[in-house]
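We did not get these values from a lab; they are worked out from the coordinates using the rules stated. Not measured: the values here are computed from a predicted model. Quick reminder, even Gly has a Cβ in these numbers, built from the backbone with ideal geometry, and neighbours come from all protein chains shown.
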């Protein structure tokens, strides 16, 4: 695969993780660089692993993964997005401005998995065209690490301006990505 193709693919694979990270950053009370790097690291590792898993599945069961990837992405992204919206609305009514200083590890892992389903599907496709998956997976993971780290800090800026609305907007965006994936796959079928 050409390096420019790998770079473009990496950027495309990191956009939904960036959107989720903006919401995560907005939900925190002044996130620090250490939290942004932690979040970026978790997402980056997951985005490095999932294309490799997809590639391995693609070698053995491409039709099964392709048949369900859009439903898995839809359920995970929409569910997490709706949870973010609920959390944003609940925070405005119940907590009155109290924000977390750090997201729980497992919530970040679940969000990272939800935003990496498309990378798994890409891994399946790359297996079918016999691409060396390791440099592609590392590029996707690194790009996601950078995008998510930046996204958390962008969310910090949005959070100070718009508070709960940034989290709600991030949740709607995340759920919208899930719906878009589902519609794209259904309309292509």
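How much length is gained on full extension from residue 89 to residue 110, taking 0.36 nm per residue of separation minus their Cα-Cα distance? All intermediate terms of the calculation are to be shown ahead of the outcome.
Details: separation 21, 0.36 × 21 = 7.56 nm, distance 2.09 nm.
Length gained between residue 89 and residue 110: 5.5 nm.
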>> I want to check the label-to-label distance for residue 5 and residue 132. Put each point 7 Å from Cα in the C-beta direction and report it in nm to one decimal.
In response: 1.4
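Using a Förster distance of 25 angstrom, determine the FRET efficiency expected from the C-beta separation of residue 33 and residue 59, and round it to 0.05.
Details: r = 39 Å, r/R0 = 1.57.
For residue 33 and residue 59, the calculated efficiency is 0.05.
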> What distance in nm separates the simple spin-label points at residue 142 and residue 186, each placed 7 Å from Cα in the Cβ direction?
Replying inline: 3.9
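How much length is gained if the chain between residue 157 and residue 45 is pulled fully straight, taking 0.36 nm per residue apart and subtracting their Cα-Cα distance, in nm to one decimal? Let's see the in-between values first.
Numbers: separation 112, 0.36 × 112 = 40.32 nm, distance 2.52 nm.
Net length gain for the segment: 37.8 nm.
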